[in-house]
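Worksheet: the structure to be examined is printed underneath.
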Amino acid sequence: MIVIYAKAREPIDDIKSYRHEVFELNKDSRKAREFYNKMENSNNLPAILVAYKGVSAAHIAKYSSNPFEKWSMLHTANRLIEKAEKMDPNNIEIRFLRYAFQTQIPKILGMSDDIREDKKYIIDNYKRFDWYDIEKDICRYIFDFMISNGGCNDEEKRMLREYAINNF
């Protein structure tokens, strides 16, 4: 079974709160910098929070009008998400965050090397993952993303859709 876990210093409720904040970044671009700064002041973050910090950096890049900041924050996002995956390579949520990041940036930037590997990992492991700790709306978001934007074939989409309908 694949589970999300936190190190002793980060209670799971805090991770749930941070997760909710990260998934809300799509709705409010100003929150990305606030979240990034909050994480910047934290040391020894568990892998999932390193990934969330990377996602917030990606959102800063997405909404920045400054080309230098956009480039810099994309590199920061990539570095942090890669670091998180190396810290916890079996965490399907981190794999999803890396997958989502890499599929949404131009391939010419050279930060999209893990798309196939992450997609395969997600497809091969989603049924074994303990989704209990993740809020249902976020689970639905993950599955909807994989079905709509995930480059899945028809059979993979059918399996993901069926699992999501029966579990979320």
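In the set I60, I105, which member is of a type in the set (A, V, I, L, M, F, W, C) and under 24 Å from K16 (Cα atoms)? Walk me through how you get there before you give the answer.
Working: I105 fails: under 24 Å from K16 (Cα atoms).
The unique qualifying residue is I60.
Condition (residue is touching a strand residue (DSSP E or B) at 6+ places or on another chain (Cβ under 6 Å), over 29 Å from M73 (Cα atoms) and not in a helix (DSSP H, G or I)) applied to the stretch 140-161: is it met by at least one residue?
Looking through the stretch 140-161, none of the residues is touching a strand residue (DSSP E or B) at 6+ places or on another chain (Cβ under 6 Å), over 29 Å from M73 (Cα atoms) and not in a helix (DSSP H, G or I).
If you check I123, I105, I138, which single one turns out to be touching a Leu at 6+ places or on another chain (Cβ under 9 Å) and under 26 Å from R33 (Cα atoms)?
Of I123, I105, I138, the one residue that is touching a Leu at 6+ places or on another chain (Cβ under 9 Å) and under 26 Å from R33 (Cα atoms) is I105.
Quick check on the stretch 41-60. Is at least one of its residues under 28 Å from D124 (Cα atoms), assigned to a loop (DSSP other than H, G, I, E, B), touching a His at 6+ places or on another chain (Cβ under 9 Å) and modelled with pLDDT under 95?
Checked the stretch 41-60: no residue is under 28 Å from D124 (Cα atoms), assigned to a loop (DSSP other than H, G, I, E, B), touching a His at 6+ places or on another chain (Cβ under 9 Å) and modelled with pLDDT under 95.
Limited to the stretch 14-34, what total is found for residues that are in a helix (DSSP H, G or I) and either of a type in the set (D, E) or in contact with a strand residue (DSSP E or B) (Cβ under 9 Å, 6 or more places away or on another chain) (or both)? Reasoning before the result, please.
Let us first name the residues in the stretch 14-34 that are in a helix (DSSP H, G or I), namely 14-24, 30-34.
So of that shortlist, the ones also either of a type in the set (D, E) or in contact with a strand residue (DSSP E or B) (Cβ under 9 Å, 6 or more places away or on another chain) (or both) come out as 14, 21, 24, 34.
Going through the stretch 14-34 one residue at a time, the tally reaches 4.
Please work out if K53 is of a type in the set (K, R) and either more than 13 Å from the chain's Cα centre (by Cα) or surrounded by fewer than 22 Cβ atoms within 10 Å (Cβ to Cβ) (or both).
Numbers: of a type in the set (K, R): yes; either more than 13 Å from the chain's Cα centre (by Cα) or surrounded by fewer than 22 Cβ atoms within 10 Å (Cβ to Cβ) (or both): no.
Here the answer is no, as K53 does not meet what is asked.
Restricting the stretch 87-105 to residues that are closer than 23 Å to E24 by Cα and in a loop (DSSP other than H, G, I, E, B), which is nearest to the chain's Cα centre (by Cα)? Quick ask: steps written out before the conclusion?
In the first step, residues of the stretch 87-105 are kept if they are closer than 23 Å to E24 by Cα; the result is 91-105.
From the residues that got through so far, the ones that are in a loop (DSSP other than H, G, I, E, B) too are 91, 105.
Numbers: N91: 10, I105: 14 Å.
Filtering first and then ranking leaves N91.
Return a yes/no flag: does the stretch 62-81 have any residue that is among the basic types (K, R), assigned to a helix (DSSP H, G or I) and surrounded by 23 or more Cβ atoms within 10 Å (Cβ to Cβ). Spell out the reasoning first.
Filtering the stretch 62-81 down to residues among the basic types (K, R) leaves 62, 70, 79.
Then drop every residue that is not assigned to a helix (DSSP H, G or I), which leaves 62, 70, 79.
Narrowing further to those that are surrounded by 23 or more Cβ atoms within 10 Å (Cβ to Cβ): none.
No, there is no match, as no residue in the stretch 62-81 is among the basic types (K, R), assigned to a helix (DSSP H, G or I) and surrounded by 23 or more Cβ atoms within 10 Å (Cβ to Cβ).
Only one residue in I138, I105, I122 is under 26 Å from N153 (Cβ atoms), surrounded by 15 or more Cβ atoms within 10 Å (Cβ to Cβ), β-branched (V, I, T) and modelled with pLDDT under 90, so which one is that? Lay out the reasoning, then the answer.
On the way: I105 fails: modelled with pLDDT under 90; I122 fails: modelled with pLDDT under 90.
That would be I138, the only listed residue that is under 26 Å from N153 (Cβ atoms), surrounded by 15 or more Cβ atoms within 10 Å (Cβ to Cβ), β-branched (V, I, T) and modelled with pLDDT under 90.
Which one of these is within 18 Å of the chain's Cα centre (by Cα), under 15 Å from A51 (Cα atoms) and of a type in the set (D, E): D118, D144? Give the derivation first.
Details: D144 fails: under 15 Å from A51 (Cα atoms).
Of D118, D144, the one residue that is within 18 Å of the chain's Cα centre (by Cα), under 15 Å from A51 (Cα atoms) and of a type in the set (D, E) is D118.
I'm told I4 meets every condition in (1) within 18 Å of K83 (Cβ to Cβ); (2) modelled with pLDDT of 90 or more; (3) of a type in the set (A, V, I, L, M, F, W, C) except one. Can you identify the failing condition by its number?
It is condition (2) that I4 fails.
The values are calculated or read from the model by the stated rules, or taken from the named source; none is laboratory data. Here the structure is a predicted model, which is why all the values come from computation and not from measurement. As a convention, Cβ positions derive from the backbone with ideal geometry for all residues, glycine included, and neighbour counts pool all protein chains shown.
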